[in-house]
Number of protein chains: 2
Amino acid sequence: MTDISFKDYESKFKALADEKRLQIMYELTQRGNTCVCDLTDIFEMSQSKLSYHLKILLDAGFITREARGTWSYYEINQEEVSHLLSEELCCIFKSAQEGNNCCEVTNEKEACC
Amino acid sequence: MTDISFKDYESKFKALADEKRLQIMYELTQRGNTCVCDLTDIFEMSQSKLSYHLKILLDAGFITREARGTWSYYEINQEEVSHLLSEELCCIFKSAQEGNNCCEVTNEKEACC
DNA sequence: AAGATAAATCAATTTATTTTGATTTAATTT
DNA sequence: AAATTAAATCAAAATAAATTGATTTATCTT
């Protein structure tokens, strides 16, 4: 408790400290498992640039990669997001699926968003 | 909802993306309202360097300032922290006071830490 | 096997952030 | 009023991160 690894948190927050990377995370949250080639289209971003940002998110643990042939599919790592971010950010980076009850609009009341 | 201001989140996460600033926030959480001169002693950091980092945290809204004569006292802005960060980070950046029930050790069970 | 495609990596450049030491501003003390 | 102190600001230098275009690796197609 006295010796918290702020260095670890630094690198995690650093990964989140970029508009493009946040947009990538949002897009992955919305679309689920997504191929790099689709992301280049969506963001009109060069392939190497996208790879660079995906690697940063991957290294920080916010997304996961699954290789299928020549394709790479990336997905949000819900657990890591939940560990770090508030429920109030749930609508942005937590999908409606995956066993969390954010972003659901029920009969009587709606959740955070 | 479609047009989330990722730029705003970028700057907030950028402010958190530094080991020293996280340590400053932790210290402010522990000590409560604290003077700059005390912080220079604690962190063995030059005065201008500390001012620089405090300004970044202040601009991001994570801390507040109160001037008393030649002294400046800084304090954690619990609300901003809570809006952004998970309950699991409560032990680090949320004080036991201030009406949140994190970090309290009660008779039967203890909270997140 | 040759050609095409997807994505990662690399090196060089550009851009942004941090550090440093000096200066400034303002309040307090003698 | 002069000297001292606290803290913010500034400009220059140092360090770190992002962008670019080219290259590499691996898989897939013909």
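The values are calculated or read from the model by the stated rules, or taken from the named source; none is laboratory data. Predicted, not measured: the structure shown is a model, and the values here were computed from it. Here the Cβ is made from the backbone with ideal geometry for all residues, glycine too, and neighbour counts use every protein chain on show.
Quick grid of which residues meet (1) among the aliphatic types (A, V, I, L, M); (2) at pLDDT 95 or above:
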position	(1), (2)
A:T2	no, no
A:E19	no, yes
A:D41	no, no
A:E44	no, no
A:L50	yes, yes
A:L54	yes, yes
A:G61	no, yes
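Which ones in segment B:47-72 are hydroxyl-bearing (S, T, Y) and in contact with a Lys or Arg (Cβ under 7 Å, 6 or more places away or on another chain)?
The answer is B:S72, and nothing else.
When every residue of segment B:66-80 is checked against the conditions, none turns out to be closer than 20 Å to A:L85 by Cβ, modelled with pLDDT of 85 or more and among the hydroxyl-bearing types (S, T, Y). Step by step: first the residues of segment B:42-75, then only those that are exposed (fewer than 13 other Cβ atoms within 10 Å of the Cβ) and on the phi > 0 side of the Ramachandran plot, then the one that is nearest to DNA strand C (Cβ to nearest atom). Which residue is that? Once the filter is applied, the top-ranked residue is B:G69. Within segment A:1-47, being among the basic types (K, R) and touching a residue at least 12 places away in the same chain (Cβ under 8 Å) holds for A:K12, A:K14, A:K20, A:R21. Check segment A:29-49 and report whether any residue there is more than 29 Å from B:L85 (Cβ to Cβ), within 16 Å of DNA strand D (Cβ to nearest atom), of a type in the set (D, E, K, R) and part of a strand (DSSP E or B). No; the residues of segment A:29-49 include none that is more than 29 Å from B:L85 (Cβ to Cβ), within 16 Å of DNA strand D (Cβ to nearest atom), of a type in the set (D, E, K, R) and part of a strand (DSSP E or B).
B:Y9 fulfils the conditions (1) hydroxyl-bearing (S, T, Y); (2) part of a helix (DSSP H, G or I); (3) more than 12 Å from DNA strand C (Cβ to nearest atom); (4) more than 9 Å from chain A (Cβ to nearest Cβ) except for a single criterion, (4).
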